[in-house]
Structures are given as structure tokens and as C-alpha cells.
Amino acid sequence: MPDDPMRTFTAFAGVRRLASGRLIDVALAVKARAAEEGDPILAFDDRSGAVIDLDLRGTEAEITARFAELGNAGDATSDVESRADTAGAPRSRGRPKLGVIAREVTLLPRQWEWLASQPGGASQALRRLVDEARRVDGGQTRTKAAREAAYRFLSALAGDLPGFEEVIRALFAGDAEGFADRMTAWPPDIRAHALKLAALA
């Protein structure tokens, strides 16, 4: 899976895919379908494969405004847009915002001493270490996350389908052909979405 694509979400009505795309678009499609009688609807975060709850109270305009307030319409460019919005504003004092997120890190004293002795200080040394680990990783972390996303999705929607255990074994064994073949008799939308999440399509 790409590092940071436009974040997408997918809703299923029973075993059929109802909508896929930005969160607001999926939410509105679910809202429109929820008024009808039919199969239960589940919405998924495509990045994690997890089921998500959608707050669908109110009118379409109210739902759209609520998701816009949350800043979570599934658009990965929101950070770029927010920086562009402030481009014309007068600069405030202090260091510029460069997308850096400050979080707490817990290390042993000897590790802090080593970091402090590195050129550029602790933060720059940590960033170098993380970038090097990502380079050496060779995509293993992404592959593992993709398989776990496919597993979460399938557990929620396909746990009762025939051959589920064999499908999951093939998924975690990295057997792309076996994974696809064992889902041949399954509903096509479930099969296609599982392959997409597992990056085995």
C-alpha cells in the first residue's frame, strides 16, 4: 500500500459494497441507504480495516458540517491546505510549523546521553534513526499492516463464510495466489475489497 494515499473508507450493505471514498461521501451514502429497508450496513476504515461508527444524526448539511469540523473528511491534503491558508498571515514568533509533532519519548539515561551527543541534538538523531529503520524495513511494516487490515475486514464481514480459516492462513503466509483462490466462491465485492486491503490484487 502506498505510504500516505488519500485516506479512504468503504461501506458494505450486507455482502455488497455500497460506497467507497472520502469519509464524508461514504457517510452520506450510508445515510441515504439507511432510510431503506435492507441488509445491515457496516463502514470500514480502509487503512486499518476496522469497523467505524458514523454519526449520521441530522440532515445531509448538518452531517457535512460535522465532518468538516472534525477535519476528518478523509482528505490527506488537509495539512497542506492548512499551511497554504496561513501562508499570507503574519509570521508569529518562534520556530515555524513544519509538520513536526511533539510527543513524549521514554529512554534510559545512557540513551539520552548518547542522543544528546549526536550532531543536531536528540530530535534530529531520532529522526535519522527512524528514517534509517524505515529504509532497512523494506516495506515489511506496511505489508504486516495491510494483512492485519484485511484480517479485520474479513473477520467482521466474512467470518461465517466457508473456508474462512484457510483464507486467513493463506493471507498471513503471504500466499497471494492461495488467498485469492480460496475466496473464489465468496461474494465478489468482499473478495475484491479483501485483495485491495491486503495489497494482493
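Throughout, read-outs are computed from the coordinates displayed, never taken from laboratory work. This one's a predicted model, so the numbers in the text were calculated from it and none came from an experiment. Every residue, glycine as well, gets a Cβ built from its backbone with ideal geometry; the counts of neighbours run over all protein chains shown.
Descriptive notes on the structure:
- Counting beta carbons within 10 Å around each of Met6, Met183 and listing the fewest first gives the order Met6, Met183.
- Remark: Glu166, Glu104 ranked as Glu104, Glu166, counting other beta-carbon atoms within 10 Å and listing the fewest first.
- For Arg47, the residues whose amide H sits under 5 Å from its own are Thr8, ignoring neighbours fewer than 5 places away on the same chain, with H placed 1.01 Å from N.
- Mean projection area, nm², convex hull over Cα of the stretch 97-137: 3.7
- For the stretch 9-79, the relative contact order comes to 32 percent (Cα pairs under 8 Å, sequence separation of at least 6).
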